[in-house]
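See below for the structure under consideration.
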Amino acid sequence: VASTGPRVAPFVALSAISTRRKMPSRNPRHGKDVVERVESIQQFKDVVINEPNRITVVRFFASYCKSCQASAPLFYKLAFNYAAHDSPLARNVKFVEVPLTKQTKLLHEALGIPSLPFSHIYHPDAGLCEELAVSKKHIADVDECLRCYVFGECQLPDDPNSCMEVYGECDLDDGSWE
């Protein structure tokens, strides 16, 4: 029987075509769209360790963790802000999350994740650079640290005495502070 109308593709449920690995969107509408989920040790190697060009921020969490649930929207917002930023430097940051599951339990242990939620920042040339808490209370610290690597915007103490307390010495003391 010949059809005279346009040909319509059959409806396929999204669950039938979804994959276990969530790929980031090119046109994000939400932070979740740019965060890639890693669910195995091999995926972690492929997505994080073997990343040749981009700084990678990894969030380790557990689905049952209240602090992880509370901080997730802030992590997604951070990811969205970098993805939507005007600077190509900011858009060159990859965001990844690793849930605590049977498949990733050994990865969490091997990386020495002390608590959840927790984050790592990886640089393509140096590997693991930073280990930071990523709870609601500490998300600003993650952003500040990431800005240092992406934009070179590091916060220095205004007072050389603060520098002395932090570093035990201060190269900024040229007498101009008095």
- Task: Would you calculate the separation in nanometres between label points at HIS30 and LYS66, each defined as 7 Å from the Cα along the Cα-to-beta-carbon direction?
- Result: 2.4
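Just the number please: accessible area per residue for the range 60-156, 1.4 Å probe, all protein chains included, in Å². Intermediate results must be reported in sequence, preceding the final value.
Details: 5130 Å² over 97 residues.
Normalised by residue count, the accessible surface of the range 60-156 is 53 Å².
The values are calculated or read from the model by the stated rules, or taken from the named source; none is laboratory data. Worth saying up front: this structure is predicted, and the values here are computed from it rather than measured. Neighbour counts are summed over all protein chains in view; Cβ atoms, including those assigned to glycine, are modelled from backbone coordinates with ideal geometry. Note: areas computed on protein heavy atoms with side chains; ligands, DNA, RNA excluded. Shrake-Rupley method; radii C 1.70, N 1.55, O 1.52, S 1.80 Å.
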